[in-house]
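No lab work stands behind these numbers, since they all come straight from the coordinates. The structure displayed is predicted, hence computed values, not measured ones. Every residue, glycine among them, receives a Cβ derived from its backbone with ideal geometry; neighbour counts consider all protein chains shown.
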Amino acid sequence: MEMTNAPMAKPSAREFDAVGLRSVSVFGSTGSIGCNTVELLSQNPEKFSVDALTAGSNWQLLAKQAVELGASVAVINDESKYKDLKNSLSGTNVEAQAGNDALVEAAKIPSDMVVAAIVGAAGLKPTIEAAKRGAMVALANKECLVSAGDILIKEAEKSGASIIPVDSEHSAIFQVFDFDNPESVAGITLTASGGPFRDFSLTEMQSVTREDALNHPNWDMGAKISIDSATMMNKGLEIIEAFHLFPVGMDEIDVLVHPQSVVHSLVSYVDGSVLAQMGTPDMKTPISCALAWPGRMAVSAQKLSLADVGRLDFMAPDTARFPALGLARSALQIGKSAPTILNAANEVAVMAFLQGKIGFLQIAVVVEGALESMNSCEMGGIDDVLAIDSEARDVAQNVIKNLNFKIKK
Ligand code: NAD
Ligand code: MG
């Protein structure tokens, strides 16, 4: 399949019914994005009803959220936690389910909107399922678009599903992009905080710890994306995400380091105008934007005071110190299965770093090693994506073994 980006006009939404509710399912409700989403849903019971909530293994929090929101189903991916979940929901109206298949079944429940907030390629199957049935998909799970962008976008086009970005940069672009006149757009610019090691030398980065890397200066996020932000692979994944979401060429997607994380991204027009979206670094704003789209809803996030911020800084990214950016760009250029390999190898490398098996700078080495060991090939559907994903994970594990062997010698 050719690497194509979306020739997308801004998709039409089912309008908010003046008196009715928008029904929502949240996949990954116990994570950082998930908890922010649950908070917004619970603060606006007159706007939203809740169908399914799902989690990886945290059954206690899942049960609490499901009861609080009056969800109809709670799905735990880890089947060993089924009994605990079921017991804690006994006497309530929430049905307990467990396992991978139950996750996919939950995506078939006809909710108006599915919030895709599982981390990593683990979210792929339910997200594709939601797109297949024409749901509005509020997409936080960027790994889905990186790993299977062409397939996900095609499914959405076939069914009429709308993909509404939750990632703050893509939400910003979604808000200021002129979808009616895409030819008037000259390019888009994704801003990046630069992460905790923005000003570190390569030598300094060599000895950073897991805790240093998890300590993001501006955003409070899950572990995987925090490490991705520290390597700037996050921005690399976001370049690929933007390519699939917006009708722009791969060379029209720029990255700009902006330490204050106030300007969330920019769209440049052919007449020289540049439109940006700004706000405090709080994910509740982009999440609410997706939940209420095409309307807006009030959010109790801190209001932006530019007078207090005082100054905004911008600088070009340094691809020598942050090689992950270049790896992601080249995977996008190679196309076909290269982004799938990049994503899977990165997931393995980040996990290995979090477990203390490799150093920080080796994350990019592992991803590069996997990309070099595997040929990029055509992928016809989701089964091909899952097969490549699994092979790339094995290859990445081997690269890690060889790295450690070299170190020990
Ligand atoms: P997180 O680790 O805090 O939460 C992940 C959620 O997925 C949890 O509910 C967890 O239980 C669930 N999960 C994990 N593995 C699973 C599996 N194998 N099967 C089923 N469920 C599983 O992550 P997060 O920071 O909330 O990020 C979620 C997604 O949103 C990621 O793709 C991330 O890149 C994206 N995102 C996050 C932020 C942020 O501020 N946190 C911002 C932009 C984009
Ligand atoms: Mg982002």
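Descriptive notes on the structure:
- Using θ = phi - 60° in the Karplus curve 6.51 cos²θ - 1.76 cosθ + 1.60, the 3J(HN,Hα) couplings for the range 243-257 round to 4, 7, 7, 10, x, 10, x, 5, 7, 9, 10, 9, 10, 9, 7 Hz; x is entered for Gly and Pro.
- In order through the range 295-311: 3J(HN,Hα) via Karplus (6.51 cos²θ - 1.76 cosθ + 1.60), integer Hz, x for Gly, Pro: x, 9, 10, 6, 10, 7, 4, 4, 7, 6, 10, 5, 5, 6, 5, x, 9
- Placing a label point 7 Å from the Cα of ASN100 along the Cα-to-Cβ direction, the residues of the range 365-401 with a backbone N closer than 18 Å are 381-395.
- Qualifying lysines (Cα of each under 18 Å from Cα of LYS158; at least 8 residues distant if same chain): LYS10, LYS108, LYS125, LYS132
- For ALA98, distant residues with modelled amide H under 5 Å away: ILE76
- Inter-label distance, nm, simple model (7 Å from Cα along the C-beta direction), LEU304/SER330: 3.6 nm
- Relative contact order for the chain, counting Cα pairs under 8 Å that sit 6 or more residues apart, in percent: 16 percent
- Spin-label pair LEU256/PHE405, simplified geometry with 7 Å Cα→Cβ offset, distance in nm: 4.7 nm
- Inter-label distance, nm, simple model (7 Å from Cα along the C-beta direction), GLU372/VAL274: 3.6 nm
- Unsatisfied cross-links (Cα-Cα over 28 Å) in the set LYS83/LYS401; LYS235/LYS336; LYS83/LYS235: LYS83/LYS401; LYS83/LYS235
- At R0 = 35 Å, FRET efficiency that the Cβ-Cβ distance of SER390 and PHE314 yields, to 0.05: 0.30
- For ALA186, distant residues with modelled amide H under 5 Å away: SER268, TYR269, VAL270
- For the range 137-146, Karplus couplings with θ = phi - 60° (6.51, -1.76, 1.60), whole Hz, Gly/Pro x: 10, 8, 9, 9, 5, 5, 4, 4, 6, 5
- Once the gyration tensor of the Cα atoms in the range 22-166 is diagonalised, the equivalent ellipsoid follows with semi-axes of 24, 16, 13 Å, ordered largest first.
- Extension gain (nm, one decimal) between GLN60 and GLU157, 0.36 nm per residue minus Cα-Cα: 31.2 nm
- Once backbone amide H atoms are built at 1.01 Å from N, SER162 has MET136, VAL137 as its partners under 5 Å, excluding neighbours fewer than 5 places away on the same chain.
- Global form of the range 225-275, assessed from the alpha-carbon gyration tensor, a/c cut-off 1.5: oblate
- Averaging the sequence gap over all C-alpha pairs within less than 8 Å and six or more residues apart, then dividing by the number of residues, gives the range 34-119 a relative contact order of 26 percent.
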